[in-house]
Amino acid sequence: MLNMKKTASTIVLIFILSFSMSTFLVSPTNAAEDSWTTLEPMPTARAIIGVAVVDGKIYAIGGSYDSCGVEEYDPVTNTWTTKTPMPTPRIWFGIAVVENKIYVIGGDSGNWTVGITPTNVNEVYDPATDTWETLTPMPTPRMNLDANVVNGKIYMIGGFDYTWPYYSLDENEVYDPSTDSWITKASIPNATDAYSSAVVDNKIYVIGGRGYSFNQIYDPETDTWSSGTPIPVEVDYASAAATTGEMAPKRIYVIGGKRYMDAVNLTQIYDPEIDTWSTGTAMPTSRYGLGVAVVNDVLYAIGGREGWFGFPISAANEQYTPAGYIPEFPSWAILPLLLVATLVAILCKKRLPKNLSNQQKSFISGD
């Protein structure tokens, strides 16, 4: 009788410990969903920058006339490190990662003296060696455009060439890093620039732009375009990024932007599977011309301009945790769970009926 009471008490204790551990692991996640956190700002305030992720680290590149700075952010340590500058100072360029190298293509290479100067420069940065290399230029000099990667190729869509009469472009030029060459694909139906874009399931979503709320979807496999539900609040010079569906639901997030000549702090969320939009918690700092990066399905909004008049430049670094986010399971957490499982197995083995065969006992106890 005493042994039964001890066994029952032990099982109750194990249950309490297991419940406590699960509560400890889950409760911070629920509190953090759909929320923003302010992190260590960039060392150098910059706007109209590009950001890219390699090996879990974020690289903030270019931004603001005459800036070719490269600063690396480590989300684990919340620290910044200065790297080798980009050869050609630029803003409004496209940025993309292929095989752990960062490609910076096009943009405005002008300055306050010569004014706006669209370029076709194509430069690649290797974080492993902290070096830059110049590659074959883009066929059409352009600015105000994004770069998107599908199956190892970089798609440069739309943009602005700043020649009279001023108008957006419909170009769709594709760069293959493996051959250092360019080809032309189907033009975007509605020419646009200053848009936001992201890739989900190998399709490129080109959202908004100056004066537009279009949601234009390109399928590189078929070289065709289709339309999705327009963005609810029309913005330009926003930044977009997509979560993978692994640690947060598969979504496209359009962050910040400019509306009526001023910066906004909107978090607009698109679900490509059901073609609907929703709204998340607003970003703490209103900004346009910012960069947004994703690490482990958590978003980082970096830099930008906090307004139109006076062009106030921001060094802000703010982190967004999406709704439905599930954190990476800590490696140390498996140890207490294994201990609990072992204790339960031992107790079950001790309490097995004497009339069971050796094979039955082995099956029940897991031996």
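The values are calculated or read from the model by the stated rules, or taken from the named source; none is laboratory data. No experiment lies behind these values; they were computed from the predicted model shown. Cβ: placed from backbone, ideal geometry, glycine included. Neighbour counts: every protein chain shown.
Odds and ends about this structure:
- Within the stretch 203-257, tally of residues that are of a type in the set (Phe, Trp, Tyr) and either modelled with pLDDT under 95 or surrounded by 24 or more Cβ atoms within 10 Å (Cβ to Cβ) (or both): 4
- Candidates Val97, Val104, Val124, filtered to the one that is surrounded by 23 or more Cβ atoms within 10 Å (Cβ to Cβ) and part of a strand (DSSP E or B): Val104
- Number of residues in the stretch 258-277 that are assigned to a strand (DSSP E or B) and surrounded by fewer than 23 Cβ atoms within 10 Å (Cβ to Cβ) equals 8.
- Residues that are in contact (Cβ under 8 Å) with a residue 40 or more places away in the chain and surrounded by fewer than 21 Cβ atoms within 10 Å (Cβ to Cβ), drawn from the stretch 72-84: Glu72, Pro75, Trp80, Lys83, Thr84
- Matching residues, the stretch 187-226, being without any contact (Cβ under 8 Å) to a residue 24 or more places away in the chain and among the polar types (S, T, N, Q): Ser187, Ser213, Thr222, Ser226
- Residue that is nearest to the chain's Cα centre (by Cα), among those in the stretch 48-71 that are over 22 Å from Gly257 (Cβ atoms) and either assigned to a loop (DSSP other than H, G, I, E, B) or free of Cβ contacts under 8 Å to residues at least 24 places away in the same chain (or both): Gly56
- Filter result for Thr129 (in contact (Cβ under 8 Å) with a residue 12 or more places away in the chain and either over 18 Å from the mean Cα position of the chain (by Cα) or crowded, with 22+ Cβ neighbours inside 10 Å (or both)): no
- Residues within the stretch 85-94 that are part of a loop (DSSP other than H, G, I, E, B) and either outside the structural domain of Tyr300 (by TED's automatic domain parsing) or crowded, with 23+ Cβ neighbours inside 10 Å (or both), tallied: 3
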